[in-house]
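Presented below is the structure to which this report refers.
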Amino acid sequence: MTAKDSLDPRRIPRHIAIIMDGNGRWARQRGLKRHMGHRKGVDAVRRAVEACAEIGVEYLTVFAFSTENWQRPASEVNALMDLMVRTLNSEMDSLQRNGVRLSAFGDLDSLPSRTRTRLFQAIEDTRHNTRITLSLALSYSARWEILQAVQKLAADVEGGRLHPKDITHTVFRQYLATYPLPDPELLIRTSGEQRISNFLLWQIAYTELYFTPVLWPDFTKEHLFEAVAEFQRRQRRFGLTDEQLRQGVSPAITVDTAIKSP
Ligand code: IPE
Ligand code: IPE
Ligand code: MG
């Protein structure tokens, strides 16, 4: 029996986030240039999207390029920005066939225009798809996101559009780059590193974390199903006791599950 067969269809996470890590090491192990690892990583993204769609995950968010990644050698940054354009060209059929709606968040203005233009076109071309939403975190970091949210909030307060006492959880999340995505229930990081690297800090307040030594280009559908199987073996307590949960007490949590209709 594969991990997929063992999954409980009633407890599939709605939203999975992935820190796709290990492309460089995958290439180095084979005596290849780092960009070859990134190229192979594209196949793993396709597999992850298909696997998520197969089991009914509604949102898959992948960390594709961080604010900090701009510090890498220019040749690698350029290769990644070109790869994005080529991938969006070559994957368009597959995105449409699989009902994938593409979305992106991050400091998108900082992307080179060739990448940004192709990305916005792909988002436009897939906006009617409804099976799964694939969000790319691009030129993204959580501290960038939180700071830009605070700047916009402060401007709205200064402009008289918002009163400080009205800054509730529900209002604050609307200023985040991920809005209106729900919080991920499961965050996967590949490559054996056990850190968050400035990814969704606000949104993962109660997310289950799953670390695997598998390098991203080697990540298969079965690996994704195994992560979901592990997620289903965990008890999410949200501060309550095991006994309270068994008695059916609902935790009063501030986890964002509401979705604004697109
Ligand atoms: C992840 O793989 C992809 C990006 C960060 C763009 P890495 O390029 O970080 O691979 P390693 O961590 O060096 O192996
Ligand atoms: C995190 O991976 C960013 C992405 C996957 C895009 P990194 O490889 O950049 O993270 P660190 O440097 O190991 O923390
Ligand atoms: Mg890395």
Which of TYR59, TYR179 comes first, and how do the rest follow, when ranked by fewest Cβ neighbours within 10 Å?
TYR179, TYR59
Lysine pairs meeting the criterion (Cα under 24 Å, 8 or more apart or interchain), as found in the chain:
6
When only Cα pairs under 8 Å and 6 or more residues apart are kept, what is the percent relative contact order across the chain?
28 percent
Residue-averaged 222 nm ellipticity for the chain, from DSSP H runs of 4+ at -39500 (n - 2.57), nearest 500:
-13000 deg cm²/dmol
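Just to be sure I understand: if I project the alpha-carbon convex hull of region 82-192 onto a plane and average over all orientations, what area do I get in nm²?
Mean shadow area of the hull around the Cα atoms is 9.2 nm².
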Region 114-207: relative contact order in percent, alpha carbon pairs under 8 Å with at least 6 residues between
32 percent
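From the mean inverse distance of alpha carbon pairs (Kirkwood) and the Cα radius of gyration, derive Rg over Rh for region 130-213.
Reported Rg/Rh (Cα atoms, Kirkwood Rh): 1.04.
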Could you tell me, in Å, what Rg and Dmax come out for the Cα atoms of region 26-165?
17.3, 59
C-alpha center-to-center spacing [region 36-104, region 137-151] in angstrom
20 Å
Burial ranking of peptide ranges 140-146, 231-237 (average Cβ count within 10 Å, highest at the top):
140-146, 231-237
Could you give the nm distance between label points at ASP82 and PHE238, where each point is 7 Å from its Cα heading toward the beta carbon?
4.9 nm
In vacuo Debye scattering of the chain, one point per C-alpha: log10 I(q)/I(0) at q = 0.17 Å⁻¹?
-1.48
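The numbers here are math on the coordinates, done by the rules we state, and not lab data. Values in this document were obtained by computation on a predicted structure and should not be read as measured data. Note that each Cβ is placed from the backbone with ideal geometry, even for glycine, and that neighbours are counted across all protein chains shown.
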